[in-house]
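Take this structure, written in structure tokens, and hold onto it; I'll ask about it next.
The values are calculated or read from the model by the stated rules, or taken from the named source; none is laboratory data. Computed from a predicted model, the values in this text were never measured in an experiment. When we count neighbours, we look across all protein chains shown, and the Cβ atoms used for this are built from the backbone with ideal geometry, even at glycine.
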Amino acid sequence: MSQEYEHDLNLECFLLCRSAETVNGELYVLGGGASRLVVDTKNQVTEPSELNIALRVNEVSALERPITLKLELKDPHGDDAILPFEASFQPDQQQPDLPFAISVIVKLQRGQLLLQTPGLHRFILHANGAELGRTPLYVTHAQIETPHGPLER
């Protein structure tokens, strides 16, 4: 699951999940690998009831401080599907020369996600302005099966 890019950060984990928490700096994930959202005709999310993004970034060397993470969601056309989330992290000042790890959980509320376009969306994670990784999100419309074929809700 680890992805390495041309800078001093390593993306150890970046996935959609049902639930996640951090305990003593460690990341615990339940239902990891979720990649599908179902929306109704009003583009409201119908399932899953809860969706989180769990990510863990390791600093390979202590060069770039602080670390600013930015998370975007792009629709199939490359447009923003939600407002980007951005946060900065500063390592422990007691040990400034040691690399550190960041575990982050972003809880996505149903009301935040008004996804109008079905298809492949992508969460994109940037660290200090450079792309660190991507993870997919497939958006489909809810359908009811009938003897004559599927019917959109």
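Against the condition surrounded by 15 or more Cβ atoms within 10 Å (Cβ to Cβ), over 21 Å from Ser19 (Cα atoms), at pLDDT 70 or above and of a type in the set (Val, Ile, Thr), how does Ile67 come out, does it pass? Even if it seems obvious, please write down each step before you answer.
Details: surrounded by 15 or more Cβ atoms within 10 Å (Cβ to Cβ): yes; over 21 Å from Ser19 (Cα atoms): yes; at pLDDT 70 or above: yes; of a type in the set (Val, Ile, Thr): yes.
Judged against the criteria, Ile67 is a match.
Filter the range 1-24 down to residues that are surrounded by fewer than 15 Cβ atoms within 10 Å (Cβ to Cβ) and modelled with pLDDT of 75 or more and give me whichever is farthest from Thr135 (Cα to Cα).
Asn24
While we're looking at this one, here's another question. Taking the residues in the range 108-129 that are of a type in the set (A, V, I, L, M, F, W, C) and modelled with pLDDT under 90 as candidates, determine which candidate is surrounded by the fewest Cβ atoms within 10 Å (Cβ to Cβ).
Let us first name the residues in the range 108-129 that are of a type in the set (A, V, I, L, M, F, W, C), namely 108, 113-115, 120, 123-125, 127.
Now drop any that are not modelled with pLDDT under 90, which leaves 108, 113-115, 127.
Numbers: Leu108: 20, Leu113: 19, Leu114: 13, Leu115: 19, Ala127: 23.
That would be Leu114.
Could I ask something else about it? Considering (1) of a type outside the set (Val, Ile, Thr); (2) modelled with pLDDT under 75; (3) not in a loop (DSSP other than H, G, I, E, B), say which one Leu27 fails and leave the rest.
Condition (2) is where Leu27 drops out.
What is the one condition in (1) at pLDDT 80 or above; (2) buried (at least 16 other Cβ atoms within 10 Å of the Cβ) that Pro91 does not satisfy?
Among (1) at pLDDT 80 or above; (2) buried (at least 16 other Cβ atoms within 10 Å of the Cβ), Pro91 violates only (1).
Please state which of the following conditions Gly78 fails to meet, knowing it meets all the rest: (1) modelled with pLDDT under 80; (2) more than 26 Å from Gly31 (Cα to Cα).
Gly78 satisfies every listed condition except (1).
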